[in-house]
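Quick notes on the structure that follows.
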Amino acid sequence: MKIGYPCTNLSIGCSSNKKFRLANFSIDKFSETVKNNLDCLNQIIDYNIKNNFLFLRISSETIPFASHEICNIDWKTKFRNELKCIGKKLQKNNFRVSMHPGQFTLLNSPNENVVEKSLAELKYHADFLDAMALDNSAKIQIHVGGVYGNKDRAIKRFVNTFKVMSNKIKSRLVIENDDYHYSIGDCMKINNYTNIPIILDNLHLECLNDGESLIEAYQMIKNTWYGEHGIPMLDYSSQQEGARIGKHTDRLNQEHFSNFINIMKNEEFDLMFEIKDKEKSVRKAQEIVFRH
């Protein structure tokens, strides 16, 4: 099992998701920011390799405004060497990565303009992973989207959009259950039409389910991952005490995670920790995994 965390490392003092305002867009500003972000991504990867955290969600902000019409810079060529070097390092160390576009990436929106922009955003993510020459176990993770008053129609729009998108996006795209609209069962309905792999999020499952337990939910989704997709990816967190339902905890609840590992100890998966203190909780989790 590979374990990791999303985007930001709190220990090294370097951010791979540095941004700037759209109004300040220029070739120089763009180039300077991307260089910083790729340098920091390299440092985060080095840190993770040293600590045996071999799973990382790369920030979608690594290439700022990459899917925006203002960006007419051929960043794939400009940063070809840097991206290839990062990719080689990942491959050499059997390191897995994913990416997670933001909440406005909505393939099932009834607004065609929103869908068009969402596809452009997914193309950027696929291009980024391709530029590192990573295989299709490096995934682009999204939520199904909104319900828009009719879940069946929303699911149908998602499926129809998926069917017409490019193979380079299809081969990397995965969906996860969410905490409000789409359960594991709903995601399985989409999988029946698309064969898209499903990420199981344990906290979302606790918030929204159809009566299935954690291990039952895992059994439902595990065969959606096969061949070049790699082994299943799971998202892990626990509920922040006293906060709204579904809010991720600030730090690892060790008892909750021990119970999670006891339930899942005979299964094969890579685990993304969606916990606010990032690598600090992953280190504690690593110790618990070793004890089991």
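Taking every residue in the range 167-182 that is farther than 29 Å from GLN239 by Cα and pairing it with any residue that is open to solvent by less than 30 Å² (accessible area, probe 1.4 Å) and acidic (Asp, Glu), at least 6 positions away or on another chain, the pairs with Cβ-Cβ distances below 9 Å are LYS168/ASP127.
Filtered by the rule that a residue be open to solvent by 40 Å² or more (accessible area, probe 1.4 Å), in a helix (DSSP H, G or I) and within 24 Å of ILE142 (Cβ to Cβ), the range 67-88 gives a lone residue, LYS76. Of everything in the range 12-66 that is farther than 20 Å from ARG283 by Cα, charged (D, E, K, R) and not in a helix (DSSP H, G or I), the residue that is least open to solvent (accessible area, probe 1.4 Å) is LYS18.
Restricting attention to the range 225-233, does a residue exist that is open to solvent by less than 10 Å² (accessible area, probe 1.4 Å) and closer than 16 Å to ASN108 by Cα? Looking through the range 225-233, none of the residues is open to solvent by less than 10 Å² (accessible area, probe 1.4 Å) and closer than 16 Å to ASN108 by Cα. Return yes or no: is ASP210 exposed (fewer than 15 other Cβ atoms within 10 Å of the Cβ), of a type in the set (Asp, Glu) and more than 26 Å from CYS7 (Cα to Cα)? Judged against the criteria, ASP210 is a match.
Inspect the range 98-107 for any residue being in contact with a Gly (Cβ under 8 Å, 6 or more places away or on another chain) and surrounded by 21 or more Cβ atoms within 10 Å (Cβ to Cβ) and give the result as yes or no. Among the residues of the range 98-107, at least one is in contact with a Gly (Cβ under 8 Å, 6 or more places away or on another chain) and surrounded by 21 or more Cβ atoms within 10 Å (Cβ to Cβ), which makes the answer yes. Please work out which residue is farthest from the chain's Cα centre (by Cα), limiting yourself to the range 110-163 and to residues that are within 23 Å of ASP186 (Cβ to Cβ) and of a type in the set (Phe, Trp, Tyr). Once the filter is applied, the top-ranked residue is TYR148. Looking only at residues of the range 130-154 that are among the acidic types (Asp, Glu) and outside any loop (DSSP other than H, G, I, E, B), we find that the one that is surrounded by the most Cβ atoms within 10 Å (Cβ to Cβ) is ASP130.
The set of residues from the range 13-58 being touching a strand residue (DSSP E or B) at 6+ places or on another chain (Cβ under 8 Å) and of a type in the set (S, T, N, Q) comprises SER16, ASN48. Exactly one residue out of GLU216, GLU228, GLU255, GLU206 is in contact (Cβ under 8 Å) with a residue 40 or more places away in the chain, charged (D, E, K, R) and part of a helix (DSSP H, G or I): that is GLU228. In the set (1) farther than 20 Å from THR161 by Cβ; (2) in contact (Cβ under 8 Å) with a residue 12 or more places away in the chain; (3) part of a helix (DSSP H, G or I), ASP127 fails one condition alone, (1).
The values are calculated or read from the model by the stated rules, or taken from the named source; none is laboratory data. From a predicted model like this one, the values you see are computed outputs, not experimental measurements. Note: ideal-geometry Cβ built from the backbone for every residue, glycine included; neighbour counts use all protein chains shown. Accessible surface areas use protein heavy atoms only, side chains included; no ligands, DNA or RNA. Shrake-Rupley method; radii C 1.70, N 1.55, O 1.52, S 1.80 Å.
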